[in-house]
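Derivation of every value follows stated rules applied to the coordinates shown; laboratory data play no part. Note that this is a predicted model, so its numbers are computed, not measured. In this analysis, Cβ positions are derived from the backbone assuming ideal geometry, glycine residues included, and neighbour counts consider all displayed protein chains.
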Amino acid sequence: MKKEICAILLSVAFFGSCSFDRKGDNAPATIAPKSAKAEGEVSAAKPVATVQTTPTSAKDAFDEIKVTKKDCASVDAGDNAVLARHSFPLDFPPFVNSCFVTAYNPEYDDPPMETEFAIYKNGAKVFDFPDRFNGVEFGCWVDAVAFEDLNGDNLNDVVVAGKCSAKSASYNENMVYVNTGTGFTTNPDANGKLSELKRIKEITDFVRSNQQIFF
C-alpha cells in the first residue's frame, strides 16, 4: 500500500513538472522597445544652413556718411553767420568729407562784410585760409568760389573771387590757394595780378596760362 501511494505522488510530481516547463516554453517573447536615443542615432541629422555676416564697424559706418551742402550751411560759426550760398562740401584731399564754410558779421549783411572762410570737419574748424583778401582786414566779402586742379598735380586748388569796399566803389581782391597735399598756401603778390579780373573763369584761365607766377 505504501508503494502504491509513493508511485502516485511521484507521478503527480512528474506531470506537474512537465506542465510547468511547457507553459514556460509557450510564453510569448517580449521585445524591448527602442529608446529615443537609439532612434536618434539611427536617423540621419538634417543639415542646417547658416549665414555669416560681418558687422560694420563704427568707423566704416562714419566713412559712408557723406557731408551735404545742408550740413555745411548748418555749421556753428560762433558769432558769425554762415553764408550758405558760398559754403560747400569738399570731397578731395587733404580735407575729404569736410566743408568749405563762408561766414560773415551779421551786422553787415548787404553786402555780407567782415567775411571769413575756413574748412570745418565734424562741426569743428580744422583749417584757416591764410591772407584772406590778400591782407585786407575789413569791408570784404566773397563773390564766388571754385575748386579746380590748376597745375595738373591731381590736387584741387581753391579759387576765391573777392570784393572789398572803398569810398568810391568796390574793388577786386581775388585769391588762388594752392593745394600742397596737407593744406593750402597763397601768394598775395601773385594774387595782385588778378585784380582786374571779375569772373572765376577769367581767373582760372589766367592762372593756367601763367603757372610760373602762382606755383
Rounded to one decimal in nm, the spacing of the 7 Å Cα→Cβ label points at residue 169 and residue 110 is 2.2 nm
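Counting other Cβ atoms within 10 Å, keep those with at most 12, restrict to DSSP loop, and tell me which GluC sites (Glu not before Pro) in the range 157-215 are left.
Working: sites: 173, 196, 202; in loops: 173, 196.
Sparse-neighbourhood loop GluC sites (Glu not before Pro): 196.
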Rounded to one decimal in nm, the spacing of the 7 Å Cα→Cβ label points at residue 76 and residue 215 is 4.0 nm
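Between residue 97 and residue 131, what is the FRET efficiency for a Förster distance of 30 Å, r being their Cβ-Cβ separation, to the nearest 0.05? Show your work: numbers first, answer last.
Values: r = 26 Å, r/R0 = 0.87.
Plugging the Cβ-Cβ distance into 1/(1 + (r/R0)^6) gives 0.70.
Any idea what diffusion coefficient the range 60-214 gets from Stokes-Einstein, in µm²/s, Kirkwood Rh on alpha carbon pairs, 10 °C, 1.306 mPa s? Please report the intermediate quantities before stating the final value.
Numbers: Rh = 16.0 Å.
Here the translational diffusion coefficient equals 100 µm²/s.
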Amide H contacts under 5 Å for residue 98, placed H, 5+ residues apart: 90
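Rounding to the nearest 20 debye, state how big the charge dipole of the range 60-214 is about its Cα centre with +1 on each Lys and Arg Cβ and -1 on each Asp and Glu Cβ. It would help to have the intermediate numbers written out before the result.
Values: 14 positive and 25 negative charges, 76 e Å.
Value, rounded to 20: 360 debye.
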